[in-house]
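To start, the structure itself, in structure tokens.
The values are calculated or read from the model by the stated rules, or taken from the named source; none is laboratory data. Keep in mind that what you see is a predicted model, and the values were worked out from it rather than measured. A quick note on method: Cβ atoms are made from the backbone with ideal geometry, for glycine too, and the neighbour counts reach across all protein chains shown. Just the protein is used for accessible areas: all its heavy atoms, side chains included, with ligands, DNA and RNA removed. Shrake-Rupley method; radii C 1.70, N 1.55, O 1.52, S 1.80 Å.
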Amino acid sequence: MNMDIDNQTTTNTTTNHDEYLLRLVNISKSFGEVKALQGVSLNVRPGTVHALMGENGAGKSTLMKCLFGLYKKDDGEMYLDGKPINFVNPKQALENGVAMVHQELNQVTKRNIVDNLYLGRYKTKFGIISEREMLIRTKGLLQKLGINTNPKKILSELSVSERQMVEIAKAYSYNSKILVLDEPTSSLSTKEVEHLFGIIDMLKKDGCGIVYISHKMDEILRISDDVTVMRDGKWIATTPAKDLTMDIIIKQMVGRELSNRFPPKQNTIGETVLKVNNLTGKYSPTIKDVSFELKRGEILGVAGLQGSRRTELLETLFALRKIESGEVIYDGKVLPNNRTPKQTIKKGFALLTEERKATGIFGILPIKFNSTIANLNDYRTARVFLNDGKMSKDSEHVVKSMRVKTPNIKTHIGSLSGGNQQKVIIGRWLLTKPKVLLLDEPTRGIDVGAKYEIYQLINELAEKGNSIMVISSEMEELFGITDRMLVMSNGRLAGIVNTKESSQEEVMELSAKFV
Amino acid sequence: MLNDLPQLNNQNQTNTTKKSNFFENILYSICNYFKSITQWFKDFKQANLKSKWRMIGKFLINYALVLFIIIYVVIVAIIEPRFVNLTSIVDIITQSSLLLMVSLGMAGIIVLSGADLSASSIVFFVVAIVSTLIPNITTKGAGAGSGIYLINGLVLPLAVAFVVALILGGGVGAINGTLTAKFKVHPFIGTMATNFIFGGSALVLLVMTGLGASSSTIQIDPSSDLVKFVRSGFKIGNVTVPNIVWFAFIAVFVISIIWNKTKFGKHMFAVGCNTEAAKVSGINVTFTTISVFVLSGIMYGYAAFFGMGQNNGGGENSYSLLGLYAIASCVIGGVSFSGGVGKIRGVVFGVILFQLIRNSTGYIGLTTSVGNVFIGIVVAFAVVFDMLKYRQRS
């Protein structure tokens, strides 16, 4: 039956409203004076993947949150299967066949997978929860989706990517007609992405409509049938994916042409500034026996699969994680292994963490606070008191030079888009005048335009003689910006490659070395 | 952008050469405050009708507490006009002073998203010890001059006793802080334990010294230096504003400087808001947490010293509810239990509203019990309001 619909829709190109599973018509939404959505329309056919693209702050998530009942739309109509819908809360949406996997995981991390799957709809018999039935169903579901995890496992023990898969399984378990995936692959490794695509194929065959929000062009071009691009809260274009190329999408998204995804590099590499010998962390999961050198003005990438402990490497260097043995020699001096992050910062290190929300921003506090917090020593007068004026000035400067889109520096950082939050945090570190920057997924969840700006910034910092280590899950990004790459595999260093002489295949091979 | 960025590094160096002093710094903040007010009016004049309403709405939300106090006073004054006279106003301010000192300590712990259940006990503990170190202590019935001392014959001058009070308070605070920061005990549990320990110790001490005898009440001679000093003050007409009020003002000033103008203050907010991010930013979370507890302990010691003077010593009952009242006042004042949010201004107005409600019930013919019911409603309302305010932000 589903196949019939498929054939019909692909052959019939005239606009026939009945062929659409979900129709959003002229949706508008404002937050205060900010117009987040202005008359946006979206039509999803059954059995297809409809990609929704746009820079951060373009209104993709807002549109989906209006559909899902998280936001109340100001204007416009929505139809599911031809019937008008207007969900007032997510529960209603879920019960009516609309499920959503959010960009930021909202899970009960101290409960197990079963509990999380059945949260809000526990199976009961005469008012008593039937654990057994839920467990059996969960097992069946995980098996069907090919997820190899014990359903009794507590969520906080799972990796981010596993948790992501659980969230996808949960959405799937609602038997939804429409499934919204908001950046589902941002924390998945290549292998897991393939896995996810398998699940998506399965859903397509069942006749589901999938709305897929992502920044990753290659993924979009591969799996989607239609692509809708939004910009500044407006609908720009909806095009069949087969007629699109990366360049066209970028052009639609930014409204200008980005001929090159990566800025040209002009950094000159100098002498060794950081020498790491047999660094081993104390508490697992951790790194083992990692040795490498970092040179002045160098951009050193850290590649590896999800779970290869790239993050652990940077955090151990930064002394955020305890060091068991090994040596870190910086500027000719051995850094003590029992140092604190504070002391590491004083030496001229800076760490941009992977999870912005959890370990980066102070969400309810203003930009001014967020940009100056690591640099308070600079604002002291009479050794004790802080100079408010100078703090404001520096904060204004961060906002201006990093092009943070915000009304003023008193705005709470939590209300900015991901890219703008990232810029503020990078600005926070630049104020401390670091010599060695450790960047953990600096462009994660950031739109194309802002990504380019961050690449430029990394280059610029390297040109000025700073040394940079950067983790990225996007292989192309590593090849685009680094000089050399460390390849991590299962907590150990699998190899160091020269970016110019290496290939993606070689890096992939190395990252599987110790798995 | 490209050309701007390098300046990020250079700009600071040029700035550090110009050093401004502390008072310039304060003056700057005050100027800024007035500037922001005039800016508000300027914006308001230029805004269109819709955003004018929005600005008014925002203003009402930001100053809800002050407006509520005004409305409350007006209503009480309509019911009983005698309420608005100098004596009752000075009464409220005087009685607020002790609570305010405790609340200023408590607020820091709430900013760390904790709560201190031991505040009352620490105050009582300090009272019990320090009262045996200063002159002119009398047991019930005994004549003036025949004091009882912790160490026979050791009588400390007031200034030294004051310092001892601060150190004692700070010491107990350090224990609370260590439990919380080093041993990761939830502050609620840790301070509950110390609440029993120090509340109990104070009573044991009273019995041992015979100071409290059976009544567990400490009496300081009303003619002693401390009582005279704290209770005297300057006169407005025939109403005396006691010195304790000034010491409460000093505490407000000092704590607001610490909160807003020092590194420690910023660190406190950072830890309260996001511990992990604070750690990454190079903040010593353990040290900061302990320091916040020590600071609050010092405030309790401060409160104990002046409270002792104001109350002629006083019994366990005079202090036993102070901690809870302080928590209530902080909550009314918008210090959020989710951590990272709070203003000294809020704490001050929270305490004033709290005391206002308690004092006004008598005037309008209600018992204090009814006042308690009303305070409960206000606290609940304040929290709901806080949540709404927070929701609007995000």
query: Expressed as a fraction of 2.2 N^0.38 Å, the rule-of-thumb size for a compact globular protein of N residues, what is the C-alpha radius of gyration of region A:458-515?
result: 1.16
query: Carbon-plus-sulfur fraction of the accessible area of region B:269-310, 1.4 Å probe, in percent?
result: 63 percent
- request: Taking 7 Å along the Cα-to-C-beta vector as the label spot, tell me the A:Ala382-A:Ala358 distance in nanometres, rounded to one decimal.
  value: 4.3 nm
Cβ-derived FRET efficiency at R0 25 Å, A:Lys251 paired with A:Glu476, nearest 0.05: 0.85
task: Please work out how much length the chain gains when fully extended from B:Phe253 to B:Ile79, using 0.36 nm per residue of separation minus the C-alpha to C-alpha distance, in nm with one decimal.
output: 59.1 nm
- request: Would you kindly compute the Cα radius of gyration of chain A and its largest Cα-Cα separation (Dmax), both in Å?
  value: 24.2, 78
query: In the Gaussian network model of chain B, springs joining C-alpha atoms below 10 Å, which of B:Met208, B:Met101, B:Met268 carries the largest mean-square fluctuation?
result: B:Met208
query: Given q = 0.13, 0.21 Å⁻¹, what are the Debye log10 I(q)/I(0) values for region B:247-327, with equal point scatterers placed on the Cα positions and solvent ignored?
result: -0.53, -0.99
- request: Tell me the chymotrypsin sites (Phe, Trp or Tyr not before Pro) within region A:216-311 that lie in a loop according to DSSP and have at most 16 other beta-carbon atoms within 10 Å.
  value: A:Tyr283
task: Would you mind getting me the FRET efficiency between B:Lys50 and B:Val384? Use the beta-carbon distance for r and R0 = 25 Å, nearest 0.05.
output: 0.40
query: How about region A:448-515: which chymotrypsin sites (Phe, Trp or Tyr not before Pro) there are in a DSSP loop, with at most 16 other Cβ atoms within 10 Å of their Cβ?
result: A:Phe514
query: trypsin sites (Lys or Arg not before Pro), restricted to region A:103-140: which are DSSP loop and have at most 11 other Cβ atoms within 10 Å?
result: A:Lys110
message: Once you order the gyration tensor axes a ≥ b ≥ c over the Cα atoms, which shape class does region B:318-358 get: rounded for a/c under 1.5, otherwise prolate or oblate by comparing a/b with b/c?
response: oblate
task: Using only the Cα atoms of region A:177-334, each taken as one equal point scatterer with no solvent, compute I(q) by the Debye sum, divide by I(0), and report log10 of the ratio at q = 0.10, 0.19 Å⁻¹.
output: -0.62, -1.13
statement: Here the longest stretch of chain A that holds no GluC sites (Glu not before Pro) in a DSSP loop having at most 10 other beta carbon atoms within 10 Å is A:272-515
task: Could you list the square roots of 5 times each eigenvalue of the Cα gyration tensor of region B:228-380, that is, the equivalent ellipsoid semi-axes, sorted largest first and rounded to whole Å?
output: 32, 20, 14
message: Once you place label points 7 Å from the Cα toward the Cβ at B:Ile70 and A:Asp243, how far apart are they in nm?
response: 6.2 nm
statement: Counting only DSSP beta bridges with both partners in chain A, the antiparallel fraction in percent, to the nearest 5, comes to 55 percent
message: Can you tell me which aspartates and glutamates have their Cα less than 18 Å from the Cα of B:Lys50? Leave out same-chain residues fewer than eight positions away.
response: A:Glu33, A:Asp74
- prompt: Using protein heavy atoms only (no ligands, DNA or RNA), what is the total accessible area buried between B and A, 1.4 Å probe, nearest 100 Å²?
  reply: 4400 Å²
message: With every atom except the alpha carbons ignored, what do you get for Rg and Dmax of region A:16-154, in angstroms?
response: 18.1, 51
- prompt: For A:Lys191 and B:Val155, what is the calculated FRET efficiency with R₀ set at 56 Å and r taken between the beta-carbons, to the nearest 0.05?
  reply: 0.10
- prompt: Which number comes out as Rg/Rh for the protein assembly as shown once both Rg and the Kirkwood Rh are worked out on C-alpha atoms?
  reply: 1.02
- request: Evaluate the distance, in nm, between pseudo-label points positioned 7 Å from the Cα of B:Ile197 and of A:Leu70 along their respective Cα→Cβ axes.
  value: 4.5 nm
